Amino acid sequence: MSLDNRPVYTGGCQCGAVRFRVEGALGDASVCHCRMCQKASGNFYLPLVSVRGAGLDWTRSEPKRFRSSNAALRGFCAECGTPLTFEATDGVALAIAAFDHPEEIAPTTQWGVEAKLPYVDHVHELPGEETMADVSSASYLADLVSYQHPDHDTEQWPPEERS
Ligand SMILES: [Zn+2]
Ligand SMILES: [Zn+2]
């Protein structure tokens, strides 16, 4: 919460070069299956939440932008490539998974369903394993050191001992 009781959300890219702070209520949260969102995210669909009614600040560097059409820009981290924004004339939407707490932002609508990939609705039916279930075939997991920015703001990143 901010001083005047407005909700505050933070997030950023995987490497931490781009960080954002949103103050105020979030707008519609959705997933988009359209082919442009698939390519821009490198994924089956792109979960986005509108921040058009809130205050958005880039607290480190800003994203680099690709103009994907005459109507929109797609923002991403120039250092690590994390997809971050969809920016159109009616406002900005942020990638839900880039927030520090994406579990708080549940999508309520799907767009672009004509392009939905045929297996997407069945992913939850696939056999599932936890990450460490595969340690015998991927021994590096036991000694893994993450260079990913943590899910909260930091004074300095990367930490001094690594920079
Ligand atoms: Zn980055
Ligand atoms: Zn889309």
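The values are calculated or read from the model by the stated rules, or taken from the named source; none is laboratory data. Given the structure is predicted, the values throughout are model-derived calculations rather than measurements. For neighbour counting, all protein chains shown are included, and Cβ atoms are generated from backbone atoms with ideal geometry for every residue, glycine included. To get the accessible areas, we keep the full protein, side chains included, count just its heavy atoms, and leave off ligands, DNA and RNA. Shrake-Rupley method; radii C 1.70, N 1.55, O 1.52, S 1.80 Å.
Here the gap between residue 122 and residue 57, fully extended at 0.36 nm per residue and compared with their Cα-Cα distance, gives a gain of 19.7 nm. Rounded to the nearest 500, the 222 nm mean residue ellipticity of the chain from helices alone is -1000 deg cm²/dmol, with -39,500 (n - 2.57) taken per DSSP H run of at least 4 residues. Computed about its Cα centre, the charge dipole of the chain is approximately 880 debye, with only Lys, Arg, Asp and Glu carrying charge at their Cβ. With the contact rule set at Cα under 8 Å and sequence spacing of 6 or more, what percent relative contact order holds for the range 30-123? It comes to 36 percent, rounded to a whole number. Once the 1.4 Å probe is applied to the protein heavy atoms, the chain comes out at 64 Å² accessible per residue.
Projecting the Cα positions of 128, 152, 18 onto the charge dipole of the chain (unit charges on Cβ atoms of Lys, Arg, Asp and Glu, taken about the Cα centre) puts 18 furthest along the positive direction.
Using only side-chain charges placed at the Cβ, +1 for Lys and Arg and -1 for Asp and Glu, the dipole size of the range 30-77 relative to its Cα centre rounds to 200 debye. Solvent-accessible area assigned to carbon and sulfur over the chain amounts to 52 percent, based on a 1.4 Å probe. Taking every Cα-Cα distance in the chain and sorting them into 10 Å bins starting at zero, the pair-distance distribution P(r) comes out as 10, 33, 34, 20, 4, 0 percent. Pair-distance distribution P(r) for the range 32-119, from all Cα-Cα distances in 5 Å bins starting at 0: 3, 14, 23, 29, 20, 9, 2, 1 percent. Each Cα pair under 8 Å and six or more residues apart adds its separation to the average, and for the chain the resulting relative contact order is 26 percent. Ordering of 54-61, 138-145, 94-101 by packing is 94-101, 54-61, 138-145, highest average first (other Cβ atoms within 10 Å, averaged per residue).
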